[in-house]
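Shown next, in structure tokens, is the structure this report addresses.
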């Protein structure tokens, strides 16, 4: 449009010049211009050419994205609600989704919260009855991810940000880590005499003094509890089973809710809890002045919150935009505002939380990243593992549920 206007104006100047020439050749004398007069000025000033922003520039898309990425943006404008089935609460995702909305104001995001296993169960049930379902799944259940891959229910979308991510954050084609979530030890400072920062320290606590005062998530009833113990035992081998048996001698209390577990330790009803996601701890520290926490120095499990786009959803293009934004520098920084731990190497210097800081704290060799371990889905393997875990740790269900 700008070039067209410039051409029109140049054409007008030519016509004016020709008209002037005709005037000079006529018999009528030309008026003498005052000494201060300038050359003839056109009625409308020349328009300065301005760059018209491309679709990518308009929505602040990184310059290294494909030139065809604008097609995804345009297609998403024809979609309705972007639905997430998520094991991460909407509150934790609030900062991320707020910034995402600034980039793509037409996208309305609906977050349906569930536990890690329930995310997949609801999606499967929706498909069975032909109901509108999730466009994006978010969960840390490594076994369920492998099952849904086998069912062909995921879009194998390759993110524009993929090359900037660590290998462990790309579990499979189309499955990316939304965030890393270190599992912590929490303890009440009025109940223990020293800082606890390792599983071996918990295992060494006096079984009589700490009987029923150590808490953890039930590996049989909670997906996070299961994968935490699975990968910890896989990493540490026989040493892990020895420590679990020593902890079992204290008759630990098993919970199905990390919120209830944290509340019990924070209020002094129990002394120690372990394998609790950092994202469930950090937002509540100010509520419990006697609560303290630590990374696990003799084997730090990292809960990997994966995400992927579904085949059964109706807003795949909007889902692609969200996946790429989550994995971008800006998206990772926004995640940290919700208490989630970012992992992109290039945001280390601009976020308080970062997975590399965890590695510096416990030693990179002690980091245990969760992954899609095929052994988890082998027939009978899960059952055998849980039988051994139950035998080592014992099972005592809380007599009364603590209300947060």
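Each value in this text was obtained by applying a stated rule to the coordinates, not by laboratory testing. As the structure is a computational prediction, the values presented were derived from the model and not from experiment. Backbone-built Cβ (ideal geometry, glycine too); neighbour counts: all protein chains shown.
By counting other Cβ atoms within 10 Å of each Cβ, how are 330, 305, 151 ranked from fewest to most?
151, 330, 305
Over the alpha carbons of region 81-223, what is the largest minus smallest coordinate on each principal axis, giving the biggest first in Å?
56, 35, 28
If we count other beta carbons within 10 Å of each Cβ, what is the order of 80, 102, fewest first?
Ascending number of Cβ neighbours within 10 Å: 102, 80.
Viscosity 1.306 mPa s, temperature 10 °C: give me the Stokes-Einstein translational D for region 204-280 in µm²/s, with Rh taken as the Kirkwood radius over C-alpha pairs.
125
Remind me, relative contact order of region 56-214 in percent, using alpha carbon pairs under 8 angstrom and six or more residues apart?
That works out to 18 percent.
In terms of the ratio Rg/(2.2 N^0.38 Å) built on C-alpha atoms, what value belongs to region 247-335?
Rounded to two decimals, the normalised Rg is 1.49.
For region 59-99, count all C-alpha to C-alpha pairs, find those more than 14 Å apart, and express that count as a whole percent of the total. Mind showing how you got there, number by number?
On the way: 529 of 820 pairs.
Across region 59-99, Cα pairs with separations above 14 Å total 65 percent.
Where the centre of each part is set by its Cα atoms, how far does region 53-107 sit from region 318-375, in angstrom?
Spelled out, the Cα-based centre of one part sits 19 Å from the other.
Rank by packing, highest mean first: peptides 246-259, 112-125, with packing defined as the count of other Cβ atoms within 10 Å averaged across residues.
Per-residue mean Cβ counts within 10 Å order the peptides as 246-259, 112-125.
Along its principal axes, what span do the Cα atoms of region 140-220 show, with the longest given first and each in whole Å?
Principal extents (Cα only, largest first): 53, 29, 18 Å.
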